[in-house]
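Beneath this line is the structure, given in structure tokens, with notes to follow.
The values are calculated or read from the model by the stated rules, or taken from the named source; none is laboratory data. Note that the structure is predicted; figures quoted are calculated from it, not measured. Using ideal geometry, Cβ is built from the backbone for each residue, glycine included, and neighbour counts are taken over all protein chains shown.
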């Protein structure tokens, strides 16, 4: 019909270009089952986890050729030493390693001790590392070393962060060393997180020893090794894209034990953990909502959820951000305080529940007073009621632990004393948090009878004042003094060095600065009166002895907190010391305090050890003529420096946000 060689009009539009067949990179098993394959050679993680045969088509071969079978490739690959992490393993899990190909194994990781399992780079990568039990096994220490770290964990970490069920860990640990059961990823996550926590606690204890058995460099390398191992095991389990109760427990231990000192927690990391807890429905009570009957499972889920809320609350306190959770968004009850043996109570659970109640109270204060809107009458009344309930609840919990003293082993008494002392400060901490906000912004006055909703600015008065704000200031002063005294008790070293990793997280800098500011306010009032020289100290010093002694005691006994820590934390402690010297030199001219006369704060377990505070050991030289104008000017200058130190916000390049 058409002449040969003639083009049919319009056929160029219908011309179909030859299609190049897309290269098949996924294994045949995942392709047939329509599963996402990580394309790892010789065997992908999907096939390895499910025990299936893994095979790939060779590239640039005819379809008639046999594919490479994973079992054959495994035999070949087993003889090749591991010279570096898999190429599809994202950099988030091997940080600070300049060249991955040159890294012999994850143990060579360099950098800070902080874990970065939740770093933003995690979400920029598309691959997940293949499961490599051989590589994980290489992280495990000798059994003798592992036994020491486990013992350290049980003594120092588990009483503070009891997210692991020891009745489950014990047989798991024994089976691993007996090789009776093939270890799973959950086994490695559990063991490595325990070893890491034990190594951090051991490192802190070693720093307090005069002659440490092991060098600091070695202990730091151990911490890096075990945190790398935990992160690698979590990555192989596809965490946080996929999460289980066990993997979330491991992540909670990493974030609870990591040394942050003045460094605020990574708010993004904690937010992710909290969201994972939601996905696992931990925010609903396992007994009343999920209808679970297994006591251990109920206890495990409750403990894990409340530790997530606790981390969120600490992040809120350290960053100044509002907490992510409100009390009406979950109904999970506190963990049971009954002992697992059925006899008596578990003092560890008693302490944890008191800690959880404290963080709930802090969250209420943060939401009602640290938001962008002015506090309401309802919010203020709620906080006032919560503070009263917290104080009563803490006293009840303290009595529970004190009564259980006869049931405790001698090894548990040390924890009981520390726990009682810490619990007695929870109400103080909330009052100081509230006063901090009240002293810097507009608020609705807290009083026994709240009559009006009108807002007012709290004048920066001192203990010499007689107004409502003065009463609040007096209450704050007593809370700060009690907090510092108790801190010196449970922070006494080396007696309580096993808990140093936890004690170090709560630096009492704000309490010391606020008491110094209170002293300066009183000094300014005396200057404004311009009393004769002979009446200066008689009118000014008598109501201030407790503050002076508390500040001196704290600085003399807690100096170790400024050692073996971040540069920022050291600078903050040095600032406090300088301001204290300036203030005391101005207020007291020449003060000679003999600390040997002081008695540390008492504990309910030590009824015969009362607090002895007096000024018999403070003496003054004959004062020279006083230039009141100069003193008043210097006091204003010191007050300005104190207020700046209290409200300071420093940008920390490592954490990526401001530090309070």
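Can you tell me how many residues in region 360-380 are more than 20 Å from residue 436 (Cβ to Cβ) and either in contact (Cβ under 8 Å) with a residue 12 or more places away in the chain or buried (at least 21 other Cβ atoms within 10 Å of the Cβ) (or both)?
1
Provide a single number: the residues in region 321-348 that are in a loop (DSSP other than H, G, I, E, B), free of Cβ contacts under 8 Å to residues at least 40 places away in the same chain and surrounded by 14 or more Cβ atoms within 10 Å (Cβ to Cβ).
The qualifying residues number 4.
If a residue has to be assigned to a loop (DSSP other than H, G, I, E, B) and either in the same structural domain as residue 186 (by TED's automatic domain parsing) or at pLDDT 65 or above (or both) to count, how many in region 25-77 make the cut?
19
If you check residue 414 against the conditions, is it outside the structural domain of residue 328 (by TED's automatic domain parsing), surrounded by fewer than 21 Cβ atoms within 10 Å (Cβ to Cβ) and either modelled with pLDDT under 85 or in a helix (DSSP H, G or I) (or both)?
In short, yes.
Would you check if there is a residue in region 349-359 being out of contact with any strand residue (DSSP E or B) (no Cβ under 9 Å at 6 or more places or on another chain) and either over 27 Å from residue 417 (Cβ atoms) or without any contact (Cβ under 8 Å) to a residue 40 or more places away in the chain (or both)?
No, region 349-359 contains no residue that is out of contact with any strand residue (DSSP E or B) (no Cβ under 9 Å at 6 or more places or on another chain) and either over 27 Å from residue 417 (Cβ atoms) or without any contact (Cβ under 8 Å) to a residue 40 or more places away in the chain (or both).
Enumerate the pairs (first residue in region 428-449 and part of a strand (DSSP E or B); second residue anywhere and modelled with pLDDT under 50) with beta-carbon separation below 7 Å, excluding pairs fewer than 6 apart on the same chain, so at least 6 apart or on different chains.
442/455; 442/457; 443/455; 443/458
I'd like to know if region 281-290 contains one or more residues that are assigned to a helix (DSSP H, G or I) and either in contact with a helix residue (DSSP H, G or I) (Cβ under 6 Å, 6 or more places away or on another chain) or on the phi < 0 side of the Ramachandran plot (or both).
no
Residues that are modelled with pLDDT of 70 or more: which helices (runs of 4 or more DSSP H) entirely in region 493-551 hold 2 or more of them?
Fully inside region 493-551 and qualifying: 500-503, 509-529.
Condition test on residue 214, is it within 24 Å of residue 155 (Cβ to Cβ) and in a loop (DSSP other than H, G, I, E, B)?
yes
Output the number of residues of region 186-200 satisfying the condition of being farther than 12 Å from residue 257 by Cβ and touching a residue at least 60 places away in the same chain (Cβ under 8 Å).
3
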